[in-house]
């Protein structure tokens, strides 16, 4: 088996990405703060979507409880930066480590469930973390806390630094997921998705692979949670552990296309579009997105990007592998009778 | 005596939780999916009761005669039109579709009824109580709830054990392909199971609405309590859900008595303890219909 050779679509994609990235890096020079804030929000949702896509779309772990790690990451940022004096920007990746450390024992509990019960089990555990935080006096109980460590910085430098950090995190997440999926372990993961018993007989350690993905995704989700609250500055248990984080993520991934790296990008763009268009209509955008996600799941299980990829065979981030078609006629490499 | 009272209240609360758990367990038993909108359907039923009570002037108990058939029809249609299409395509589609429904129902309730909390008024019965001994009194309403829960569980057990439709439930649960070969229309059967599940959860929702206030966002907690009651009781055991509900109810009332913010959390922690030390639940059974 070989990887797909770089296609025209991929070269165009890479060139566009390089130009786009250069524009994004220079944005603070001319962009206004509200654009940067929206971009930070866009990137954080995109990373959450990439993480959930890896978890559900590739590892088959359909979690409804990823808000646990958004909340833990956000609270870890505040404790690290305000209570322990860590630099708030350095505290963001450390918050990811805190989330990963919590994910390890959590996995031991939720991995006892299969399929649908795994989904509810992760949701129940997320509620446990929310209630534990909401009952802890040092964390501000139900009313939450404010990130004070960044008050010494000027507003402008804080916003620019947060923006660049978000950009770096977004890029790192994309590259990390891409390289992981193209690696030996990524191949093992996709084998598990296609057939768990089959991959096990071929030597893939199913439990360890799934555990690794679960903990790695918790790291990425916790880090993103910290980034979200570095941007928002104010945290409360109900908001940080809200099921809405998972709902946004799932709708983005399902509509965009689960099981591809391009899908979450398409989905996040569509999510922002729908939200802006229906901003005057209260909760209707969630109803519309939910209906859209259910409809897409029923009609096009591979999502909108899946339609595009199937129709024109374009892959900006090729992670699928194909068996090379052997040329017709006698094969010189084969022993003939 | 205060502690005895707390435990008794918790045990009675367990009856309500068993009602929520039964429908969830039935669906999982028959078609191996978890309806993540289960709790939201109960809240939908409670809001339907509010509308019926306010517009027709009915008593909440009488309103059940209208709401239960409506919810059953909704369940039948939902299964036929939506959920049957996602069966047999892996674990992802049913989870995503029912989760999508959960978010849609919650936000539709928010848009229709606002974020205000509501309560159903049964006209005085919710405060009436029976004295048991000189320090202990038990509310009539929790007693009625428990009695209704036991009656519904017994009825369901009878349906599953004795009626042809129950035999078909068991057959499809054991082996859907062979059941189909024997002439069972699985898709119709799944629709009947969903109708039954939503009919039961409609009763649960109306009883919940009399017992306590609820909002558009009360559904997910009901789903989690139902799920925990099922796991504590043991998958596949109908009467186990009653015990699971009682254990959860007692954990919550005792936790809330220790510290007001700890009620629901204590319930969750007892659930985690059962998961850790007795993952098969208290009454696990090999056969898995409800």
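Just a few scattered comments:
- Helical contribution to [θ] at 222 nm, DSSP H n ≥ 4, -39,500 (n - 2.57), averaged over the protein assembly as shown, rounded to 500: -23500 deg cm²/dmol
- Summary value for chain A: 31 percent relative contact order, contacts being C-alpha pairs under 8 angstrom separated by 6+ residues.
- Paramagnetic reach from residue B:278 in the stretch B:208-238 [backbone N under 17 Å; point 7 Å along Cα→Cβ]: B:228-238
- Take every Cα pair under 8 Å whose residues are at least 6 apart in sequence, average their separation, divide by the length of chain B, and the relative contact order is 38 percent.
- Length added when fully stretched, residue A:238-residue A:30, from 0.36 nm per residue minus Cα-Cα: 71.3 nm
- In degrees, nearest ten, helix B:263-277 long axis to first principal axis of chain B (Cα): 50 degrees
- Spin-label model distance (nm) - residue B:119 vs residue A:202, 7 Å beyond Cα toward Cβ: 6.0 nm
- Taking B:28, A:317 and counting other C-beta atoms within 10 Å, the order from fewest to most: A:317, B:28
- R0 of 41 Å, Cβ-Cβ distance residue B:165-residue B:89: FRET efficiency to nearest 0.05: 0.95
- Global geometry of chain A, whether rounded, prolate or oblate, following the gyration tensor of its Cα atoms and the 1.5 cut on a/c: prolate
- Degrees, to the nearest 10: B:238-258 long Cα axis against longest axis of chain B: 30 degrees
- Listed by Cβ neighbour count within 10 Å, with the fewest neighbours leading, B:95, A:308 appear as A:308, B:95.
- Pairwise label distance in nanometres, residue B:58 with residue A:187, each label 7 Å out on the Cα-Cβ vector: 6.4 nm
- Take the Cα radius of gyration of the protein assembly as shown and divide it by 2.2 N^0.38 Å, N being the number of residues; the result is 1.02.
- With an a/c value of 1.5 or above and a/b not larger than b/c for the gyration tensor axes a ≥ b ≥ c computed over the alpha-carbon atoms, the stretch B:176-286 is described as oblate.
- Nearest-0.05 FRET efficiency for residue A:291 and residue B:80, computed from C-beta distance (R0 25 Å): 0.85
- Neighbour-count order for A:47, A:133, A:206, fewest beta carbons within 10 angstrom listed first: A:206, A:133, A:47
- Crossing angle, helix A:243-256 versus chain A [Cα axis fit, 0-90 degrees, rounded to tens]: 30 degrees
- Mean separation of Cα contacts under 8 Å, 6 or more apart, over the residue count of the stretch B:44-190: relative contact order %: 17 percent
- A Förster distance of 25 Å, applied to the separation of the beta-carbon atoms of residue A:23 and residue A:84, puts the FRET efficiency at 0.10.
- Two-site label geometry, residue B:181 and residue A:168: point separation in nm, points 7 Å out along Cα→Cβ: 6.3 nm
Coordinate-derived values only; no laboratory data. Keep in mind that what you see is a predicted model, and the values were worked out from it rather than measured. As a convention, Cβ positions derive from the backbone with ideal geometry for all residues, glycine included, and neighbour counts pool all protein chains shown.
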